[in-house]
Amino acid sequence: MNTTTQPAAATSSEFSRLPLPPHALENLQRLGYTSMTPIQAASLPLALAGHDLIAQAKTGSGKTAAFALALLANLNVRRFAVQALVLCPTRELAEQVTQEVRRLAAAEDHIKVLTLCGGSTMRPQLASLEHGAHIVVGTPGRLMDHLERGSLNLEALNTLVLDEADRMLDMGFFDDIATIAKQCPKQRQTLLFSATYPEGIAKISAAFMREPKEVKLLAAHAPSKIRQLFFEVSESERLHAVSLLLNHYRPVSTLAFCNTKQQCRDLVQVLRAQGFAALELHGELEQRERDQVMVQFANRSCSVLVATDIAARGLDIAQLEAVINVDITPDAATHTHRIGRTGRVDEEGWAWSLVSMDEMGSVGKIEQAGGFSSAWKKLSELTSTSKEPLRPPMQTIQILGGRKEKIRAGDVLGALTKDLGFAGAQIGKINVNEFSTYVAVERGIAAEVLRKLAGGKVKGRSVKVRLMEGGEGGAERQP
Ligand code: ADP
Ligand code: MG
């Protein structure tokens with residue numbers, strides 16, 4: 001894959017340097033788009049040259065126009081068939097994208113853009129599809145419905161866009177995206193836009209893209225950065241030091257490494273007794289239990305995941321504010337591996353290491369291998385920075401029913417937003433497993449969601465639901 005990391009001002013940012021027809025340039029002027037934003041300047045030349053593209057830039061950077069101008073350039077207006085499909089994670093985003101595409105398409109008459117999302121009745125959508133459209137913007141769930149019914153035909157498609165791909169992955173849409181991509185002609189251009197770059201993106205690109213060019217606009221002031229701090233502890237202070245760190249820095253998600261299983265167990269007990277939401281990942285968990293631990297940690301309804309190096313192998317967590325080396329590892333490479341899990345993409349991350357006198361030799365090895373000298377702070381400098389206990393922002397609701405029951409993320413989102421009236425922004429990750437679905441919701445609405453879901457329906461069926469504890473206080477209740 002080719003990566004172009006473009007400094008913001010490296011290229012001319014005039015739209016007129018692009019191979020766009022005069023009427024398109026005039027329209028951009030009319031819209032007040034006097035020059036390209038950096039992501040547009042970096043991605044439009046590649047997209048207009050026909051390349052597949054992975055583009056990453058933060059929210060509000062003008063990504064919509066970057067793909068909209070490309071898909072419009074591929075459009076043959078006289079051919080009245082769906083030639084471009086834009087997948088968006090939510091109805092609100094799909095509607096925003098539709099509006100922007102319409103504004104950019106205004107240069108030419110008669111370009112028809114259609115939005116297909118859940119939460120709207122089917123019949124008008126079917127009627128609109130019968131009338132035909134050049135461009136369809138929609139959410140994966142509803143698009144799947146139309147493909148299954150045969151009401152959406154993608155034979156003439158030449159551009160597939162995945163907008164906010166990271167958010168779609170978060171919401172569990174990978175399988176739906178795969179199914180939709182498979183129904184698109186092989187000869188097509190695929191454009192993927194994302195604000196962050198979780199590992200699932202590589203999976204998408206390997207599966208559905210052809211030699212994509214990669215454009216990343218790193219915020220100039222925030223390179224991926226891990227801030228390491230070392231703390232000297234006595235053995236009796238060690239476990240308590242973890243809660244001092246949590247109360248001082250208040251990270252949303254923390255991965256805590258111990259060298260032994262026993263230490264993991266002890267730490268989880270201490271943290272829970274102090275009211276933190278902590279879960280342990282260890283080798284003896286059944287697959288189902290392991291999944292539940294991972295789901296709750298990754299969707300931000302558990303503050304601390306405690307693990308040994310072996311148990312943490314292969315973990316893929318996109319957002320991690322902090323790593324704590326509860327026990328410092330004697331192996332320098334393992335240390336690098338542990339702390340590399342934080343500070344990904346453009347995020348900053350903390351790595352705190354607790355070190356006893358006996359372990360100072362390990363720190364020496366780590367400094368040598370890493371070519372840095374360690375920064376130290378005293379436990380006594382840590383103070384509780386808020387009166388509120390540190391609580392995870394989300395809570396997880398388990399729905400007993402998953403892929404086996406043909407439940408899809410879109411169905412759950414639809415039930416919560418359309419049927420039950422919650423806002424899309426209050427809903428976090430949705431994980432659909434074989435037999436269970438896990439949906440993260442804002443802490444403040446969890447009880448209400450639970451009550452309404454218990455009395456409501458998902459995909460026309462009533463469902464059993466329960467609130468998961470995310471490792472909060474006391475013993476975990478059994479499902
Ligand atoms: P993103 O998808 O990266 O979050 P949007 O595509 O929603 O960002 O664009 C953010 C805002 O910037 C929109 O209001 C859009 O109309 C505006 N915008 C996009 N490109 C330009 C440009 N070249 N000049 C001025 N405004 C622009
Ligand atoms: Mg966008």
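The values are calculated or read from the model by the stated rules, or taken from the named source; none is laboratory data. The shown structure was predicted, so the numbers you read here are calculated from the model rather than taken from an experiment. Please note: Cβ atoms are built from the backbone with ideal geometry, for glycine as well, and neighbour counts cover all protein chains shown.
Mind checking which residues of region 18-68 are loosely packed, with under 15 Cβ neighbours inside 10 Å, over 29 Å from the mean Cα position of the chain (by Cα) and of a type in the set (Ser, Thr, Tyr)?
Thr34, Ser35 - these are the residues of region 18-68 that are loosely packed, with under 15 Cβ neighbours inside 10 Å, over 29 Å from the mean Cα position of the chain (by Cα) and of a type in the set (Ser, Thr, Tyr).
Could you count how many residues in region 393-429 are among the acidic types (Asp, Glu), under 14 Å from Gly141 (Cβ atoms) and in contact (Cβ under 8 Å) with a residue 40 or more places away in the chain?
1
For region 147-163, what are the residues that are surrounded by fewer than 22 Cβ atoms within 10 Å (Cβ to Cβ) and touching a helix residue (DSSP H, G or I) at 6+ places or on another chain (Cβ under 7 Å)?
Leu147, Ser151
Inside region 446-475, can you point out the residues that are part of a strand (DSSP E or B) and among the acidic types (Asp, Glu)?
Glu472
Could you list all residues from region 182-210 that are among the β-branched types (Val, Ile, Thr) and either outside any helix (DSSP H, G or I) or exposed (fewer than 14 other Cβ atoms within 10 Å of the Cβ) (or both)?
Hits for region 182-210 are Thr190, Thr196.
Report whether or not Ser380 is in a strand (DSSP E or B), at pLDDT 90 or above and either hydroxyl-bearing (Ser, Thr, Tyr) or surrounded by fewer than 18 Cβ atoms within 10 Å (Cβ to Cβ) (or both).
no
Specify which of the listed residues (Glu472, Glu405) is more than 23 Å from the chain's Cα centre (by Cα) and more than 30 Å from Asn325 (Cα to Cα).
Glu405
Checking Asp163 against (1) on the phi > 0 side of the Ramachandran plot; (2) within 16 Å of ligand 2 (Cβ to nearest atom), which single condition isn't satisfied?
(1)
From the list Glu359, Glu348, pick out the single residue that is within 17 Å of Lys225 (Cβ to Cβ) and among the charged types (D, E, K, R).
Glu348
Any chance region 55-69 includes a residue that's among the aliphatic types (A, V, I, L, M), more than 30 Å from Thr417 (Cα to Cα) and within 16 Å of ligand 1 (Cβ to nearest atom)?
Yes, region 55-69 contains a residue that is among the aliphatic types (A, V, I, L, M), more than 30 Å from Thr417 (Cα to Cα) and within 16 Å of ligand 1 (Cβ to nearest atom).
For the structure I just gave you, tell me whether Lys186 is among the basic types (Lys, Arg), away from ligand 1 (no atom under 16 Å from the Cβ) and under 26 Å from Val295 (Cβ atoms).
Here the answer is no, as Lys186 does not meet what is asked.
Looking at (1) farther than 28 Å from Leu281 by Cβ; (2) of a type in the set (Lys, Arg); (3) at pLDDT below 90, which one does Arg403 not meet, given that it meets all the others?
Going through (1) farther than 28 Å from Leu281 by Cβ; (2) of a type in the set (Lys, Arg); (3) at pLDDT below 90 one by one, Arg403 breaks only (1).
Going through region 34-54 one residue at a time, which ones are within 10 Å of ligand 1 (Cβ to nearest atom) and of a type in the set (Gly, Ala, Ser)?
Ser35, Ala41
Looking at region 238-252, can you tell me whether even one residue there is buried (at least 18 other Cβ atoms within 10 Å of the Cβ), within 16 Å of ligand 2 (Cβ to nearest atom) and among the hydroxyl-bearing types (Ser, Thr, Tyr)?
no
Where residues in region 19-52 are in a loop (DSSP other than H, G, I, E, B) and within 24 Å of Ser194 (Cβ to Cβ), which of them is nearest to ligand 2 (Cβ to nearest atom)?
Ranking the candidates gives Thr37 first.
Looking at Ala415, is it closer than 16 Å to Lys464 by Cα, surrounded by fewer than 19 Cβ atoms within 10 Å (Cβ to Cβ) and in contact with a strand residue (DSSP E or B) (Cβ under 9 Å, 6 or more places away or on another chain)?
Spelling it out, it is not the case that Ala415 is closer than 16 Å to Lys464 by Cα, surrounded by fewer than 19 Cβ atoms within 10 Å (Cβ to Cβ) and in contact with a strand residue (DSSP E or B) (Cβ under 9 Å, 6 or more places away or on another chain).
Filter region 418-429 for residues that are farther than 20 Å from Pro393 by Cα and surrounded by 14 or more Cβ atoms within 10 Å (Cβ to Cβ) and give the result.
Residues satisfying the conditions are Lys418, Asp419, Leu420.
Can you tell me which residue among Leu305, Leu279, Leu255 is farther than 15 Å from Glu472 by Cα and under 22 Å from the mean Cα position of the chain (by Cα)?
Leu255
Hey, Arg408 hits all of (1) more than 25 Å from Gly275 (Cα to Cα); (2) in contact with a Phe, Trp or Tyr (Cβ under 7 Å, 6 or more places away or on another chain) but one; which does it fall short on?
Looking at each condition in turn, Arg408 falls short on (2).
Quick check: is even one residue across region 79-95 among the charged types (D, E, K, R), in contact with a Gly (Cβ under 9 Å, 6 or more places away or on another chain) and within 16 Å of ligand 2 (Cβ to nearest atom)?
Yes, some residue in region 79-95 is among the charged types (D, E, K, R), in contact with a Gly (Cβ under 9 Å, 6 or more places away or on another chain) and within 16 Å of ligand 2 (Cβ to nearest atom).
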